[in-house]
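Working notes, structure below.
Where a number appears in this text, it was derived from the coordinates with a stated rule and is not lab data. All values derive from a computational prediction rather than experimental measurement. Counting neighbours? That spans all protein chains shown, and the Cβs are built from the backbone with ideal geometry, glycine included.
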Amino acid sequence: MLAETASRMGYEPHVLAHEDDPPAGRFAARVMRAALDDAAALAALAESVDVVTFEFENIGFAALAAAAAACEVRPAPEVLHTTQDRAREKEFLAAGGFPRVASERATSVAALGGAIERIGTPCVVKTAGFGYDGKGQVVLPDGSDPAGLEAAAGLVRAGPVVVERYLTLAAELSVIVARGSDGALASYPPIINRHVGGVLDVSLADPRADGVSSAAPGLDPTLQRRAQALAAAIAAALKVVGLITVEFFVAEGGELYVNEIAPRPHNSGHLTIEAADTSQFEQQLRAVCGLPLGSTSFASPAAMANLLGDLWALQEPRFSAALAVPGVRLHLYGKREARPGRKMGHLTATARSLAEAERRVLAARQALQGR
Ligand code: ADP
Ligand code: MG
């Protein structure tokens, strides 16, 4: 979607991906295949372009730093370094006084036990690096579940982990903020996210004129404004040039915590393509290319539903049935293989009210599976 936008705006994107035939390749002037920690390949990419950016976090820091020696990399490799490791990210949040969930880093099975004891249960053990879509996470409801403890020990044997208090959540929000090279900031209104099994399922946005979403009933506008302010402060503290997405937890009691930071366009922001004046992809391009940031106002309420590979298990999804629902748009990423849990595409619905947008997007997704 980033390459597609770049191509529309007259750029000639060069794409480096770790797979053959990457979806972005369709919109690219040139495609290179390389491992994402291949410093020579990233440096070669950097030599062939004016600016390098990324939309995936599992890139080797040293390789990205090698690219930065050849041309401007935005966001800077240091931003990726901070955010791609959960333990470092939490240290950054702690140093800046940003609200975060109690957690502790552990690097050995022996240390893991102590960390679980101090954090208390329920807790969740997460790999510090290279996790996404809930992968590399084990929830421990209590300290006496041998299977859970063994799974957590397996994680720490593979690499450092963080042990984090497991919260009962009232809601999850994300705020996307762009920051230009001149320090200008532009935040989108908060997006409300629902996850299933650790994977984003549905995102909702219903911004009123004051830039506050009313999508989550009972979600205090003050809290939403606070999330926006925190996200902007985090973007400024990171000195990011480009986009960040800050994921927030709203706990049962109404407390707001930063869950994690993604220095890239975010799945929850896909609905900005249809609903916002400037999509998150165009906004990232504008930021990294030194153009003025675009308006982050929304033209209408919107709802987004992810399409996972599971939908392909029994039959080809019935796209025509989904597209018969008014106000619905289909996005398929062009991934060749539909595996369970793999994000293959999404649907976005816009409507006059958020309730109607949500109804439409869920009806359309349901229709995909009809007979
Ligand atoms: P990922 O990198 O896979 O997005 P996250 O840490 O954001 O990892 O976890 C994915 C989802 O799992 C969250 O959006 C949330 O729904 C749930 N989750 C993660 N950590 C916690 C926690 N400490 N308490 C409650 N739910 C959590
Ligand atoms: Mg997350």
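Assorted remarks:
- Under the combined filter of DSSP loop state and at most 13 neighbouring Cβ atoms within 10 Å, segment 163-251 retains these trypsin sites (Lys or Arg not before Pro): 208, 239.
- Exposed loop sites, defined as chymotrypsin sites (Phe, Trp or Tyr not before Pro) outside DSSP H, G, I, E and B with at most 16 other Cβ atoms within 10 Å, are absent from the longest region of the chain, namely 133-332.
- Among 136, 114, 242, the largest mean-square fluctuation in a Gaussian network model of the chain (Cα springs under 10 Å) belongs to 114.
- Rounded, prolate or oblate (a/c below 1.5 giving rounded, otherwise prolate when a/b exceeds b/c) for segment 168-318 by Cα gyration tensor: oblate
- For segment 319-371, the list of GluC sites (Glu not before Pro) that fall in a loop by DSSP and count at most 11 other C-beta atoms within 10 angstrom reads 337.
- When only Cα pairs below 8 angstrom with a gap of at least 6 residues are kept, the chain shows a relative contact order of 13 percent.
- Contact order relative to length of segment 32-125, as percent, for alpha carbon pairs under 8 angstrom and 6 or more apart: 20
- Averaging Cα coordinates gives a centre for segment 152-184 and one for segment 287-336; these two points are 24 Å apart.
- FRET efficiency estimate (nearest 0.05) - Cβ-Cβ, residue 51 to residue 195, R0 41 angstrom: 0.80
- Candidates 347, 332, 308, ranked by Gaussian network fluctuation over the chain, Cα under 10 Å, top entry: 332
- Least to most buried among 181, 353 (fewest other Cβ within 10 Å first): 353, 181
- Where only DSSP H runs of four or more residues are counted, the chain gives -9500 deg cm²/dmol as its mean residue ellipticity at 222 nm, each run worth -39500 (n - 2.57).
- Total lysine pairs under 19 Å (Cα atoms) in the chain, excluding pairs fewer than 8 apart on one chain: 6
- For the chain, modelled as a GNM whose springs connect Cα atoms under 10 angstrom apart, the maximal fluctuation among 140, 64, 314 occurs at 314.
- Taking a sphere under 13 Å around the Cβ of residue 78 and counting the other residues whose Cβ falls inside, with K and R at +1 and D and E at -1, yields a net charge of +1.
- Shape of the chain, Cα gyration tensor, a/c cut at 1.5: rounded
- Gyration tensor (alpha-carbon) shape descriptor, segment 229-300, a/c threshold 1.5: oblate
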